[in-house]
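Undergrad: Encoded as structure tokens, here's the structure I'll be asking about.
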Amino acid sequence: MKKEIIPSILLSFICIILLSGIYPAIVWGIAQITPNKGEGIVIKEKGGRHFYENIGQNFSDDKYFWSRPSAVNYNAAGSGGSNKGPDNPEYLLLVQARIDSFMTHNPGVNRKDIPSDMVTASGSGLDPHISVEGAMVQVKRIAKVRSLDENRVSELVRAHIDAPMYGMGPKRINVLTLNLALDNIIAH
Amino acid sequence: MNPQILGVVVMFVATLLLAVPLGKYIAKVYSGQKVWTDLVFGRAERLLFKTSRIDTTREMTWKQSLTALLTLNVIWFLWAMFCLLNQAWLPMNPDHNPGMTPDLAWNTAISFLVNCNLQDYSGETGVSYFSQVFALMFLQFVSAATGLAAAAVVFNALKDRTTTQLGNFYNYFLKSCTRILLPLCLLIATIHLFEGTPMTFKGMDTVTSLQGDTMHVSRGPVAAFVAIKHVGTNGGGFFGANSAHPFENPTYLSNIVQMIAQILLPFAMVFAFGFYANKKRLAWVFWGVMTTGFLILVVPTIIAEVHGNPYIAQMGIAQPGGNMEGKEIRFGAVASAFWSIATTVISTGSVNAMHDSFMPVSGMNMLLGMMINSFYGGVGVGFLNFFIYVILAVFIGGLMVGRTPEFGGKKIEAKEMKIAMIIALFHPFLILAGTAVASYLAAHDANMGWWFADAAGKHNASGWLNNPSHHGFSEMLYQYTSSSANNGSGFEGLTDNNPFWNISTGIVLLFSRFLPIIGPVAIAGLIAQKKFIPTSSGTLKTDTGTFGLLVFAVKIIIAALAFFPALALGPIAEWMKMH
């Protein structure tokens, strides 16, 4: 073992420089020539506010499309899911309560039209998306609260569907960009 | 075809198409043939070796190779411990995260050293950028390279000749970093930059949400980290939510790239063996056995997740996306289910959905993937684990047909068999003994004193469970299985950042990493010294479907006999309760 100690220390030192110094520096350099400059995809508003397109936000106000429930309450200083097992009685009561609350806020909605993603927490707690069904089921409420035509709102939803990439993966709707568009309708 | 199913089929086929040429390239790198990367790295490597006073022409025996391997690992462990304990005052800590407690630093340093990445901390609050880059990311590279280099020693030993000279370990190691891991990582990191993954050294950002709430957004040098996390089958996330986090895995495309990145090297190493030792048919037999096992696990998991939770169905709502608890909309149930099995049969352990909230069938299949631990397996070490089963199958097959067991023209004798048996049985022993102790404590609600305290400060052992009943048992079983398989994923509901879990899983990690490296390298070294016997009509052929079936049967028998009782108490009982 003695014979290997000095070369091993030297080799480790060199690897630290190469792998923890040079490699991230190159990636950082490449980041500077990408559209986002390695800062994540930022949406800048005229009012000076900025949002991250990929980081979901908490929408609980009736005038906005709601996001999914979150185990970290959309505080992106952390992240994580509920980690509740599928047969945990406490968890099932919570889901039931979310369904009831959803029904109260969306009168006239059929229970069987509520998709499960609107009453289950995502893995990251920061999911920026909801399913198409999850948006459609909220159209009635949005139209009523904002005094808009229902067709106009569902048209807006359809325009915000991200189609599967090259025919792969699920359809989805970014809640933040949809709600920004919704606010713009009012402004005009 | 259903767009979600199409997505996973494309991932799998693309990986295979890339893995064969990559395997050929890897074989050339290890045998020292000319490759195109010589132009980029050749001169730099010679300089690095000269500075380190390493003569790469010095051939090493299997014992010398292992000595070098262990010496390097001891040095890296000490370095990581230093970083993690002192990160509070070291540079690059914009969010002012505190230093780790000794038991957490012990667990974290070991679990990254052994390519497991169990992560009893959360990336946002538990580590500084310095620790992320200089300790954890560094270990992600070198632990992967260690596995690759050990596999290269075994490849060399399995050539048709008699020798004790198995190449230079340092040479295999550094070339694994420069020729294989680094180029792949640069490519994958770049794709992630374009998809929206951050690569910044700025600290947390403060954002006012559209609704008017103040929220903090953690950032960091994620793109560089996420690349090696998958290429090296490490799986340790930059953020707490791992690849479910929308910065760490922003799009369906980035999800495909990460999935391919993690299966690519485990595939390629099988083919690299075929090209290197000139046993291409045998390599395809191995790959076929692995793929059969993978498909048997992945198909029911996808079905279970798409089908959704029967209890939620009873509530009268729709489950168009399947079981969505703990899953992200942008990946959907199919890609999440596919990932959960890929990440457990390989030793990655990264997650893009929370495994604790999967259906019981899925949970069982993840556990089985880690219990068998060689349907592909981690970079390098997956092949080593598989090799152990091959030795067992050769021996059993030899006995069945009444011939002396031989592999690659070398006799398999008592010494090799003893080593193989110890390695094969140690894995269930570590898992079951650990789970037994933990469940005993939880069942008796033991007072754990210094060893454990929950969020409320209570010392009752049952406090570490996030779910009651069978699922709670599965949480403990999963933690030890994940540790012993060096996987690193978890049923994350378990409260694991406390001395009991940190220390006990740390010990399991050490044993379960180094014994399965030492064992196969020793067997291969012993075999290499033996006289080469040319193939005759008396030889048990190993490159046939029959032999593949035998290897598969040996795996199933060992796993079924060892683990069925534990699985019956956990996921199987849970499934029966739900249906």
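Undergrad: Quick one: helix A:23-32 against the long Cα principal axis of chain A, what's the angle to the nearest 10°, folded into 0 to 90?
TA: The angle comes out near 40 degrees.
Undergrad: Excluding B:Leu181 itself, what net charge comes from residues whose Cβ is under 13 Å from its Cβ, given Lys and Arg +1 and Asp and Glu -1?
TA: Details: positive: B:Lys175, B:Arg179, B:Lys229; negative: none.
Here the count lands on +3.
Undergrad: Name the residue from B:Ala424, B:Phe473, B:Asn460 whose Cα lies farthest towards the positive end of the charge dipole of the range B:383-498, charges +1 on Cβ of Lys and Arg and -1 on Cβ of Asp and Glu.
TA: B:Ala424
Undergrad: Accessible area per residue for the range B:152-272 in Å², computed with a 1.4 Å probe and the full protein assembly in place, what is it? Each step should come with its number before you reach the end.
TA: Values: 2230 Å² over 121 residues.
It amounts to 18 Å² per residue over the range B:152-272.
Undergrad: In addition: To the nearest 100 Å², how much accessible surface do chains B and A hide from each other in total, with a 1.4 Å probe?
TA: Numbers: alone 22750 and 12480 Å², together 26910 Å².
Adding both sides of the contact gives about 8300 Å².
Undergrad: A further question follows. Counting only protein heavy atoms, what percent of the accessible surface of the range B:3-578 is carbon or sulfur at a 1.4 Å probe?
TA: Here carbon and sulfur together make up 68 percent of the probe-accessible area.
Undergrad: Now for a separate question. For the protein assembly as shown, build the charge dipole from Cβ charges (+1 Lys, Arg; -1 Asp, Glu) around the Cα centre, then report which of B:Leu47, A:Ser67, B:Pro198 sits farthest towards its positive end.
TA: Selected residue: B:Leu47.
Undergrad: Could I ask something else about it? Using Cα centres only, tell me the gap between the range B:183-219 and the range B:324-378 in whole Å.
TA: Cα centroid to Cα centroid, the span is 25 Å.
Undergrad: State the Cα centre-to-centre distance between the range B:22-36 and the range A:10-41 in whole Å.
TA: 26 Å
Undergrad: Which chymotrypsin sites (Phe, Trp or Tyr not before Pro) from the range B:511-551 combine a DSSP loop assignment with at most 16 other Cβ atoms within 10 Å? List each step's numbers first, then the result.
TA: On the way: sites: B:Phe511, B:Phe514, B:Phe532, B:Phe547; in loops: B:Phe532.
For chymotrypsin sites (Phe, Trp or Tyr not before Pro) across the range B:511-551 that sit outside H, G, I, E and B with at most 16 neighbouring Cβ atoms in 10 Å, the list reads B:Phe532.
Undergrad: What is the local net charge at A:Thr120, summed over the other residues whose Cβ is closer than 9 Å to its Cβ (Lys, Arg +1; Asp, Glu -1)? Before the final figure, lay out the partial values.
TA: On the way: positive: A:Arg68, A:Arg98, B:Lys327; negative: A:Asp117, B:Glu325.
It works out to a net charge of +1.
Undergrad: Put a dot 7 Å past each Cα toward the Cβ at B:Ile296 and A:Ala163; how far apart are the dots in nm?
TA: 4.1 nm
Undergrad: What is the P(r) of the range B:1-86, as percent of Cα-Cα pairs per 5 Å bin from 0?
TA: In whole percents, the pair-distance histogram is 3, 10, 10, 13, 14, 13, 12, 11, 8, 4, 2, 0.
Undergrad: May I pose another question? Determine the shielding of peptide A:63-75 by partner chains: average, over its residues, the number of Cβ atoms on other chains within 10 angstrom of each Cβ. The partial results should precede the final answer.
TA: On the way: counts 1, 2, 0, 0, 1, 4, 1, 0, 4, 3, 2, 4, 7.
Counting other chains' Cβ atoms within 10 Å and averaging over A:63-75 gives 2.
Undergrad: Sticking with this structure for a sec: Which of these, A:Lys144, A:Lys46, A:Lys171, has the largest mean-square fluctuation under a Gaussian network model of chain A (Cα springs below 10 Å)?
TA: Result for chain A, Cα springs under 10 Å: A:Lys46 fluctuates most.
Undergrad: Using a Gaussian network model of chain A with C-alpha springs under 10 Å, which one of A:Gly21, A:Gly167, A:Gly40 is most mobile by mean-square fluctuation?
TA: A:Gly21
Undergrad: With the contact rule set at Cα under 8 Å and sequence spacing of 6 or more, what percent relative contact order holds for chain B?
TA: Working: 1030 pairs, mean separation 108.1, N = 579.
Reported as a whole number, the value is 19 percent.
Undergrad: What does the charge count near B:Thr56 come to, summing +1 for each Lys or Arg and -1 for each Asp or Glu among other residues with Cβ under 12 Å from its Cβ? Could the numbers behind the result be given before it?
TA: Working: positive: B:Arg46, B:Lys50, B:Arg53, B:Arg58, B:Lys175; negative: B:Glu45, B:Asp55, B:Glu59.
The answer is +2.
Undergrad: Also, quick follow-up: Send over the Kirkwood Rh of the protein assembly as shown, from the inverse of the averaged 1/r over different Cα pairs, rounded to one decimal Å.
TA: Working: mean 1/r = 0.0376 Å⁻¹.
Taking the inverse mean of 1/r over all distinct Cα pairs, the protein assembly as shown comes out at 26.6 Å.
Undergrad: If the elastic network links every pair of Cα atoms under 10 Å, which of A:Gly80, A:Gly56, A:Gly125 fluctuates the most in the Gaussian network model of chain A?
TA: Looking only at A:Gly80, A:Gly56, A:Gly125, the biggest GNM fluctuation is shown by A:Gly80.
Undergrad: Then there's this: Calculate the mean, over all residues of peptide A:46-56, of how many other protein chain Cβ atoms lie within 10 angstrom of the residue's Cβ. Display every interim value, and only then the final one.
TA: On the way: counts 0, 1, 1, 4, 3, 6, 9, 3, 13, 11, 4.
For peptide A:46-56, the averaged partner shielding equals 5.
Undergrad: Considering the options B:Ala353, B:Val390, B:Ala342, tell which one lies farthest towards the positive end of the dipole of chain B, charges being +1 on Lys and Arg and -1 on Asp and Glu at the Cβ, about the Cα centre.
TA: B:Val390
Undergrad: Moving to a separate point now. If you filter the range B:15-104 for trypsin sites (Lys or Arg not before Pro), then keep DSSP loop positions with at most 10 other Cβ within 10 Å, what is left?
TA: On the way: sites: B:Lys24, B:Lys28, B:Lys34, B:Arg43, B:Arg46, B:Lys50, B:Arg53, B:Arg58, B:Lys63; in loops: B:Lys34, B:Arg53, B:Arg58.
Here the trypsin sites (Lys or Arg not before Pro) that fit, given the DSSP loop and packing criteria, are B:Lys34, B:Arg53.
Undergrad: For chain B, take the convex hull of the Cα atoms, compute a quarter of its surface area, and give me that in nm², please. Walk me through the intermediate numbers first.
TA: Working: hull surface 108.9 nm².
Over all viewing directions, chain B projects a mean Cα-hull area of 27.2 nm².
Undergrad: Per residue of B:198-206, how many C-beta atoms from partner chains lie within 10 Å of its own C-beta, taken as a mean? Don't jump to the answer; show the numbers that get you there.
TA: Details: counts 9, 13, 7, 3, 2, 0, 2, 8, 1.
Mean partner-chain Cβ count within 10 Å for B:198-206: 5.
Undergrad: What translational diffusion coefficient, in µm²/s and rounded to a whole number, does the Stokes-Einstein relation yield for the range A:40-187 at 20 °C and a viscosity of 1.002 mPa s, taking the hydrodynamic radius as the Kirkwood radius over Cα pairs? Intermediate results must be reported in sequence, preceding the final value.
TA: Working: Rh = 16.2 Å.
The Stokes-Einstein estimate is 132 µm²/s.
Undergrad: Right, next: Taking the range B:195-295, which trypsin sites (Lys or Arg not before Pro) meet the DSSP loop condition and have no more than 14 other C-beta atoms within 10 Å?
TA: Values: sites: B:Lys202, B:Arg219, B:Lys229, B:Lys279, B:Lys280, B:Arg281; in loops: B:Lys202, B:Arg219, B:Lys279.
The qualifying sites are B:Lys202.
The values are calculated or read from the model by the stated rules, or taken from the named source; none is laboratory data. Only a predicted model underlies this, so the values are computations on that prediction, with no experimental measurement involved. As a convention, Cβ positions derive from the backbone with ideal geometry for all residues, glycine included, and neighbour counts pool all protein chains shown. When the accessible area is computed, the model is the full protein with side chains, heavy atoms only, and any ligands, DNA or RNA have been set aside. Shrake-Rupley method; radii C 1.70, N 1.55, O 1.52, S 1.80 Å.
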